[in-house]
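Notes follow once the structure below has been shown.
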Amino acid sequence: MTDSPEQDYDPGDVAIIGMSLRAPGARTKEEFWDNLVHGRESVSFLAKDDIHVDETLIHSPFYVRACGVLDSYDQFDPSVFGISDRMAAAMTPENRLYLESAWEALEDGGYDPDRLTAEIGMYGANNPQTAALYSSPPDRVSVGPEAIEASLAWSPDTMTSNALYYLGLTGEAVTVAAVCAGFHYAVHLACQSLLLGQTDMAIAGGSMVRLPHPRGHLWEENRVLSKDGHCRPFDANGTGTALSSGVVTLLLKPLDRAVADRDHVYAVVKGSAVNNNGVSAMAYGLAQPERLSACIAAAMQVGGVDPGTVSMYEANGLGLPMTDELEVHAASMAFGKQTGTTSIGGVKGNVGHGGVVSGGFGAMKAALALYHRTLPATINLTEVNPDLDFPGTPFVPQLETAAWDPGAGVRRAGITSIGGGGYNAHLLLEEAPETDRRAPEPAGRPRLATLSALDDEALAQQRARLLARLEADPELRLDDVCFSLNLGRKVMARRWAAVVRSREELIAALSGDAPAAATATATAAPADPDGFGRTDHGLVPAGDDARALAELAAAWVGGRQVDFGALHREESGRRVPLPTYPFRHRRFWRTDW
């Protein structure tokens, strides 16, 4: 199986094994990362006709027509979850986004909810105001019992319990209200539950849709919203940030368990901490340096991490000189006296301020930076604010995208999130551990690859997406791909399968160049049920040659249940990130009950 002995892992380490994101300018985490490394700003500047607010506000000289627009914020694919159109319209956009994102995080981690028997914790933050702006709440007295069901879709409180229900899972469900620190709080609670053994895996994240959408904002002197719509973290000319929307979810599992289960690990949560300023704040909602510093230091202490080994700091970074100065001062106190060892950046320059999901944008940036060993530039930073006195702090502004070569020998990142009302939160991430060396994949061994979808059009999209992924990444092993597809995807009605001996054969089958290797629902011949072995979980092949696998493929495509766990039990395949389900979005919008 492996060529090196088992490693010991810190019992407090939590692995990030799946991730999902939708952000302004990015429908996937891959697009988000591409935007970051190429320094793209995804804040849009809107025409008056695109803004759905009253005319008086639009014509104000202080109105700024800038917004981090979220494509398809009003769209959803209810059929995947067995949700009626009526209920889909009743669900708030944040509920819908979170549900699809939780699905994607599971698939990205290589897990099919139908085959999970573990307790899955569900932790998420949303904006309670969105529900009220989306539609007036149902009146149980006048509408009757139906409103109770509808209100469960409408209520911000039930976002996480809805996700558990519609994904077919059991576990804790906690919807967090911690304003702009909500994402961090959700991850913190998820890690606590995992480490206490209350859950086996956890999905944690945040979902934010600012309504009406899209819209700009009113600028006020010394407030957090930008005068010109651009966010300039740490810049002398910064005037604040723009508003945006999005969703980010992480799939989490204790690191030792993730390694044992052959999971793909993006990064490791070494520590997390939260606190509140309380009465110590200079002004309600304004960062209090001593309390924020204590929060940052606590996360490092929990992880047993020396501040000198943290070489990336992703700041809350509102781009307002006063708040940036408070944060840099607080972080400097937490890190201590070392000078010029830590890159500092702020993602709000790219995507604006996503409210409860803003910390998720920063955490996703840091996790992908660790994964790709690259530090993205902080954009819109052209004149560093001298009042920040960076030469006297541990921090160096990240002005250009660069390779991440840490002096301490390990890559670690701290991510701060600050919420109005005195909320402070900090996550400490570390790069994934080195994987054990593996023997080369046996050449010429036949393997079964499967795909399924609700309809033929979605199935064709599945094939096209997988084909593009294989062509883009020549390092992907065939055994890992088949292991991830066969065990990590929900089985649906329309199916496709291929028996192949190499990546090249799979690419040919997906592209239609090798029709004999593949079979699909529309063309599958009936299979002889007596020609297979059986377990409690389905059919198994009568042998391990290509013919036996082809017969099993035909049976599965024809609707029979296959025990894929038994098929892969003696193999060394590992879960790898592969394209997730191509949701068929339609618009759902509710204006009244």
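Bear in mind these aren't lab numbers, they're just calculated from the coordinates by the rules spelled out. Quick caveat: nothing in here was measured; it's all calculated off a predicted structure. Glycine gets a Cβ as well: all are built from the backbone with ideal geometry, and neighbour counts include every protein chain shown.
Before moving on, here are some points about what is shown:
- Under conditions of 37 °C and 0.692 mPa s, the chain yields 131 µm² s⁻¹ as its translational diffusion coefficient, taking Rh as the Kirkwood radius over Cα pairs in the Stokes-Einstein equation.
- Reducing the range 490-504 and the range 329-375 to their Cα centroids gives an inter-centroid distance of 40 Å.
- When the Cα positions of 300, 93, 254 are compared along the charge dipole of the chain, 93 comes out farthest toward the positive end, with charges on each C-beta of Lys, Arg, Asp and Glu.
- Value in Å of the Kirkwood radius, where the range 189-233 supplies the Cα pairs that are averaged: 14.5
- Within the straight-line cut-off of under 20 Å between alpha carbons, the aspartates and glutamates reachable from residue 337 are 290, 306, 314, 324, 325, 327, 387, 389, sequence neighbours fewer than 8 places apart in one chain being disregarded.
- The C-alpha atoms of the chain define a longest principal axis, and helix 478-487 lies at about 90 degrees to it.
- Under the convention that each Lys and Arg Cβ holds +1 and each Asp and Glu Cβ holds -1, the size of the dipole of the range 234-382 around its Cα centre is about 300 debye.
- Based on DSSP H segments of at least four residues, each scored -39500 (n - 2.57), the chain has a per-residue ellipticity at 222 nm of -9000 deg cm²/dmol.
- For the chain, a crude dipole built from +1 on the beta carbon of Lys and Arg and -1 on the beta carbon of Asp and Glu, taken about the Cα centre, is about 500 debye to the nearest 20.
- Note on the range 410-466 and the range 225-258: Cα centroid distance 21 Å, given to the nearest whole angstrom.
- With R₀ fixed at 51 Å, the C-beta to C-beta distance from residue 337 to residue 468 puts the FRET efficiency at about 0.55.
- Cα radius of gyration and Dmax for the range 26-119 (Å): 18.3, 58
- Trypsin sites (Lys or Arg not before Pro) within the range 350-426: DSSP coil, no more than 14 neighbouring Cβ in 10 Å: 373
- Peptides ranked, highest mean first, by Cβ atoms within 10 Å: ranges 553-565, 467-479, 200-212: 200-212, 553-565, 467-479
- When the chymotrypsin sites (Phe, Trp or Tyr not before Pro) in the range 41-136 are filtered for DSSP coil states and for at most 14 other beta-carbon atoms within 10 Å of their beta-carbon, the remaining sites are 62.
- Shape call, the range 164-274: gyration tensor on alpha carbons, a/c limit 1.5: prolate
- Cα→Cβ-extended label distance, 7 Å offset, between residue 118 and residue 286, nm: 4.6
- For the range 448-511, the ratio of Cα radius of gyration to the globular rule of thumb 2.2 N^0.38 Å stands at 1.03.
- Separation of alpha-carbon centers, the range 537-575 and the range 159-218, rounded to whole Å: 36
- Length released on extending from residue 504 to residue 198, taking residue separation times 0.36 nm less the Cα-Cα span: 105.8 nm
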